Amino acid sequence: MKRTILALATAATLAPAASFAQSELVTPALSMLELSVTRALAAKGVEGVDMASLTLADLAVIKGILDSDDSDGQKKAQIERIVNK
């Protein structure tokens, strides 16, 4: 029982540090992805997208759509569905 309590206390103490370390790594990558998607959307004529409202998954899907072989019209329609959900 004491070991369980000690393990839980240790995990609770280390969790914020692990989360901080992960966010330090994710933030630059997320910023680069946001910038890449923003530029690509502008080039496709998709404007007024609030990047802060999109999740990392949304950005990844949009990037995949932008890199696909679909027509520009198809890409724009797919992206607008994601942005307007």
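Any read-out appearing in this document is the output of simple, stated calculations on the displayed coordinates, not a laboratory observation. Predicted model, so just to flag it, every value in this text is computed and none were measured. A quick note on method: Cβ atoms are made from the backbone with ideal geometry, for glycine too, and the neighbour counts reach across all protein chains shown.
Loop only per DSSP, at most 12 neighbouring Cβ atoms within 10 Å: give me the GluC sites (Glu not before Pro) in segment 31-85, ordered by residue number.
Numbers: sites: Glu34, Glu47, Glu80; in loops: Glu47.
Here the GluC sites (Glu not before Pro) that fit, given the DSSP loop and packing criteria, are Glu47.
Give me the net charge for the shell around Thr55: Cβ to Cβ below 13 angstrom, other residues only, Lys and Arg +1, Asp and Glu -1. All intermediate terms of the calculation are to be shown ahead of the outcome.
Numbers: positive: Lys63, Lys85; negative: Glu34, Asp50, Asp58.
Summing Lys/Arg as +1 and Asp/Glu as -1 gives -1.
Tell me, in nm to one decimal, what length is gained between Thr27 and Ala43 on full extension, where the rule is 0.36 nm per residue of separation less the Cα-Cα distance?
Numbers: separation 16, 0.36 × 16 = 5.76 nm, distance 2.43 nm.
Value of the extension gain: 3.3 nm.
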